[in-house]
1. Return the pair list, or none, for Cβ contacts closer than 6 Å from residues in the range 132-148 that are farther than 25 Å from residue 104 by Cα to residues that are of a type in the set (Asp, Glu) and open to solvent by less than 40 Å² (accessible area, probe 1.4 Å), at least 6 apart or on different chains.
2. Check residue 186 against each of (1) surrounded by 19 or more Cβ atoms within 10 Å (Cβ to Cβ); (2) of a type in the set (S, T, N, Q); (3) free of Cβ contacts under 8 Å to residues at least 40 places away in the same chain and name the one condition it does not meet.
3. If you go through the range 150-165 one residue at a time, how many are touching a Ser or Thr at 6+ places or on another chain (Cβ under 6 Å), open to solvent by 30 Å² or more (accessible area, probe 1.4 Å) and not in a strand (DSSP E or B)?
4. Looking only at residues in the range 18-41 that are open to solvent by 90 Å² or more (accessible area, probe 1.4 Å) and of a type outside the set (A, V, I, L, M), which one is modelled with the lowest pLDDT?
5. Looking only at the range 117-147, which residues are touching a strand residue (DSSP E or B) at 6+ places or on another chain (Cβ under 6 Å) and open to solvent by 30 Å² or more (accessible area, probe 1.4 Å)?
6. Within the range 118-165, which residues are within 16 Å of residue 301 (Cα to Cα) and among the aromatic types (Phe, Trp, Tyr)?
7. Quick check: is even one residue across the range 192-200 open to solvent by 20 Å² or more (accessible area, probe 1.4 Å), among the polar types (S, T, N, Q) and out of contact with any Gly (no Cβ under 9 Å at 6 or more places or on another chain)?
8. Considering the range 173-198 alone, what residues qualify as being within 30 Å of residue 117 (Cα to Cα) and either assigned to a strand (DSSP E or B) or not charged (D, E, K, R) (or both)?
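The values are calculated or read from the model by the stated rules, or taken from the named source; none is laboratory data. Remember, it's a predicted structure, so these values are computed and weren't measured experimentally. FYI the Cβ positions are ideal-geometry reconstructions off the backbone, even for glycines, and counts take in every protein chain you see. Ligands, DNA and RNA are stripped out before the accessible areas are found, and what is left, the full protein with its side chains, is counted by its heavy atoms. Shrake-Rupley method; radii C 1.70, N 1.55, O 1.52, S 1.80 Å.
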Amino acid sequence: MDFSRWKTWICCAVVVVCTSVVWPQPAKAADDLDLAYRWAPVHYQDTDDTDADADYLTAVDYDGDWNAKNNWENQDDDLSRLRATVYYSVVETGTHWYIVYSFFHPRDWVDYPDFGLDTHENDMEGAMAIVRKDGSAYGKLEGMVTVFHTNFYSFTPAGSPLTDGEENIDGQLRMVTYDGALHPATFQEAKGHGLKAWNGGEFPGGDGVIYYPDRSVAEVPEHGNDRHVKYRLVNTFEAGGLWDHRSDSQTFASWGTFAGDNGKDNAANAAWGWDDKDDSVARGAMATDPARLTDSYFNGLGQFSTDYVKNAYR
């Protein structure tokens, strides 16, 4: 028997075992819905009293179909259909969970004569929560990147290790206690619906809707100054849902871009079409390659994996 060959094989095996990385894993991991609920934003939605219900959150198929070209027309036909909905998706690496929350409005609108310059049918903006696996069921929130039209903004909660990377951190992510836990607080402007972290202040003009997450309940605001409305979390990847319609020409005009023919044609994007106009990552990376985006936007990441354990966008 050639013992020298066995010796070489054993040494190589020892090197592989010793150099492999074991990331911290929770003793009992939460499922995607529970994880999304744990870090779901308390959402401050500004409203404009000239057409407040055009600022209500709802589902893409709120009107009973997936035809995105009738969403503008149907928006104000029956306000009871504007049940608050927020889409979520969970992507996982060895060290982190990335939870994308997508907020949809049937109209992106203005209250002045427009001639199709600034309005468009459909509007989806959102936020990505960066959650470190720390051995607990829900991990630890380290940061959030939000979509404000064609710009992304980054925020960190108190105590986060993250620092400026290729992009500067834009501010503090405030936390609000809800259902016995701290949740990040987000803010969305009226009409154009750009999204950032909530700054802790009152709504501009004094009126707005505060939305709170729920696993199953989707409520409709009673008026444009309703301070407690529940939104339902809906998985982007649920059967027959948003992702399943990604190639449906009634819903999307092109990859990640909603069909729309009011104001600017085809001007709104789903999460896999979001793009910052001047960063170094690819269009849609917040959803499809969130580890790459996080690695670009932040330093201070510590142990950090870019290998995906789960990524249904791919």
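1. 132/142
2. With respect to (1) surrounded by 19 or more Cβ atoms within 10 Å (Cβ to Cβ); (2) of a type in the set (S, T, N, Q); (3) free of Cβ contacts under 8 Å to residues at least 40 places away in the same chain, residue 186 is out only on (3).
3. Result for the range 150-165: 0.
4. The residue in question is 18.
5. Those that are touching a strand residue (DSSP E or B) at 6+ places or on another chain (Cβ under 6 Å) and open to solvent by 30 Å² or more (accessible area, probe 1.4 Å): 132, 134, 140.
6. 155
7. First pass over the range 192-200, keeping only residues open to solvent by 20 Å² or more (accessible area, probe 1.4 Å): 196, 198-200.
Those left that are additionally among the polar types (S, T, N, Q): 199.
Checking which are out of contact with any Gly (no Cβ under 9 Å at 6 or more places or on another chain) leaves us with none.
There is no residue in the range 192-200 that is open to solvent by 20 Å² or more (accessible area, probe 1.4 Å), among the polar types (S, T, N, Q) and out of contact with any Gly (no Cβ under 9 Å at 6 or more places or on another chain).
8. Of everything in the range 173-198, those that are within 30 Å of residue 117 (Cα to Cα) and either assigned to a strand (DSSP E or B) or not charged (D, E, K, R) (or both) turn out to be 186, 187, 188, 190, 192, 193, 194, 195, 196, 197, 198.
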